[in-house]
1. Report whether or not VAL52 is at pLDDT 95 or above and of a type in the set (Val, Ile, Thr).
2. Does region 67-89 contain any residue that is farther than 14 Å from GLY10 by Cβ and modelled with pLDDT of 90 or more?
3. In region 13-46, which residues are exposed (fewer than 14 other Cβ atoms within 10 Å of the Cβ) and more than 20 Å from ASP66 (Cα to Cα)?
4. Would a scan of region 20-35 turn up a residue that is assigned to a helix (DSSP H, G or I) and in contact with a helix residue (DSSP H, G or I) (Cβ under 7 Å, 6 or more places away or on another chain)?
5. Does region 13-67 hold any residues that are closer than 18 Å to LEU2 by Cα and among the charged types (D, E, K, R), and which are they?
6. Taking region 1-12 on its own, how many of its residues are in a loop (DSSP other than H, G, I, E, B) and surrounded by fewer than 17 Cβ atoms within 10 Å (Cβ to Cβ)?
7. Report whether or not ALA39 is assigned to a helix (DSSP H, G or I) and modelled with pLDDT of 95 or more.
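The values are calculated or read from the model by the stated rules, or taken from the named source; none is laboratory data. This structure is a prediction, so every number in the text was calculated from the model and none was measured. Quick reminder, even Gly has a Cβ in these numbers, built from the backbone with ideal geometry, and neighbours come from all protein chains shown.
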Amino acid sequence: MLKIGLVGCGGLGSRHAAHVESIEGAELVAVCDYELASAKALAAKLTSQPAVYNDHRTMLSAQSPDAVLVVTPCRHSGRACILRKTNGTHN
């Protein structure tokens, strides 16, 4: 099973989460958003019941996903992408 994390729970993040749930062999293990309420709202709509975080560093260390989707505004995505690479997760 491929463990996937998602950073960014807005409109695009919601669509990506739905697509991940439809992929056989993939599991959305965590969602993360700087606005915790957004992450909680998205997680409540998903069948996979992912863990919820408001800090991508905590999500990466707690869940150790195989891949991370970073779906955030450009001003936020750089830090998450760099950290994801240093932790060895895939794009």
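1. Numbers: at pLDDT 95 or above: yes; of a type in the set (Val, Ile, Thr): yes.
Here the answer is yes, as VAL52 does meet what is asked.
2. yes
3. First, the residues of region 13-46 that are exposed (fewer than 14 other Cβ atoms within 10 Å of the Cβ): 15, 19, 22-25, 35, 37, 44-45.
Hits for region 13-46 are GLU35, ALA37, ALA44, LYS45.
4. If we filter region 20-35 for residues that are assigned to a helix (DSSP H, G or I), which is where we start, we get 20-21.
The next check asks that each one be in contact with a helix residue (DSSP H, G or I) (Cβ under 7 Å, 6 or more places away or on another chain); those that pass are none.
No - not one qualifying residue is present in region 20-35.
5. GLU21, GLU24, GLU27, ASP66 - these are the residues of region 13-67 that are closer than 18 Å to LEU2 by Cα and among the charged types (D, E, K, R).
6. First pass over region 1-12, keeping only residues in a loop (DSSP other than H, G, I, E, B): 1, 8-10.
Subsequent filtering for residues that are surrounded by fewer than 17 Cβ atoms within 10 Å (Cβ to Cβ) retains 1, 10.
So the count comes out to 2.
7. Numbers: assigned to a helix (DSSP H, G or I): yes; modelled with pLDDT of 95 or more: yes.
For ALA39, the condition - assigned to a helix (DSSP H, G or I) and modelled with pLDDT of 95 or more - is met.
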